[in-house]
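What follows is one structure encoded as structure tokens, with my remarks underneath.
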Amino acid sequence: MKFIFGLGNIGKEYDQTRHNIGFMALDHFAETQGVTFGPTKLFANAAKLMVDGEVVWLVKPTTYMNDSGQSVRAFLDFYGGDVSDILILNDDLDSDFGKIRFRAKGSAGGHNGLKSIIAHVNGQNFLRLKFGIAHPEHTHEAVIKYVLGKFSKDDLKVWDDVFKKTDDALMDWIKGADAATLSNRYNG
């Protein structure tokens, strides 16, 4: 069993914001796979996908970004999963806009959703797929306004192309590609 967690904030006011890129990427993948999200008792909306006889949960936590780890922990506990079975999709201020990057482990880098997951799984050794959204001015207020700001129409066109590549990357991970292979194939 595998779990792909797309990070974001619930609510219409957060639709198509930079911080919700994890939700957006997972929505795109779910649509291409013909599965739909529904509510769960595990602090998330989720869709169940079957790939070559393996169950893959596509999960969008409903706890808001800053407590995403609560949902990750609940899924792992309920289904008996391990941290090696998860892939986290999140925005990345430190990468160029429109770039994706797999990272096998590491600190939260200031990302509150990742901080929460690290706290709830008691470690940093989990795979992430980071979506570059670039960086605004270096003030706390500017960063908050930026990540909660909506993408422009031109930005969304870029993400459409990126999400097609992401769909392939997610399927490769589901079918067993390791972090090094995924990084070599998709980072950039």
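The values are calculated or read from the model by the stated rules, or taken from the named source; none is laboratory data. The model shown is predicted, which means the values in this text are computed figures rather than measured ones. We work out accessible area using only protein heavy atoms, side chains counted, and drop any ligands, DNA or RNA first. Shrake-Rupley method; radii C 1.70, N 1.55, O 1.52, S 1.80 Å.
Pairs of Lys residues in segment 122-167 are counted when their Cα atoms are under 21 angstrom apart and they lie 8 or more places apart or on different chains; the count is 10. Taken as Cα centroids, segment 168-183 and segment 80-121 sit 16 Å apart, rounded to the nearest whole angstrom. Comparing Phe131, Phe78, Phe102 in a Gaussian network model of the chain (Cα springs below 10 Å), the most mobile by mean-square fluctuation is Phe78.
Listed by chain and number, the aspartates and glutamates placed with their C-alpha closer than 17 angstrom to that of Lys12 are Asp27; residues fewer than eight positions away on the same chain are left out.
Relative contact order of segment 74-188, please, whole-number percent, based on alpha carbon pairs below 8 angstrom and at least 6 residues apart.
On the way: 128 pairs, mean separation 38.5, N = 115.
Value for segment 74-188: 34 percent.
Taking a ≥ b ≥ c as the square roots of the eigenvalues of the Cα gyration tensor, segment 142-188 is prolate, since a/c reaches 1.5 or more and a/b is larger than b/c.
Classify segment 6-50: rounded, prolate or oblate, from the alpha-carbon gyration tensor (a ≥ b ≥ c, eigenvalue square roots; a/c under 1.5 rounded; otherwise prolate if a/b is larger than b/c)? Oblate is the answer for segment 6-50, as a/c is 1.5 or above yet b/c matches or exceeds a/b. At a 1.4 Å probe radius, carbon and sulfur cover how many percent of the accessible area of segment 1-114? Heavy-atom surface of segment 1-114 belonging to carbon and sulfur, 1.4 Å probe: 47 percent.
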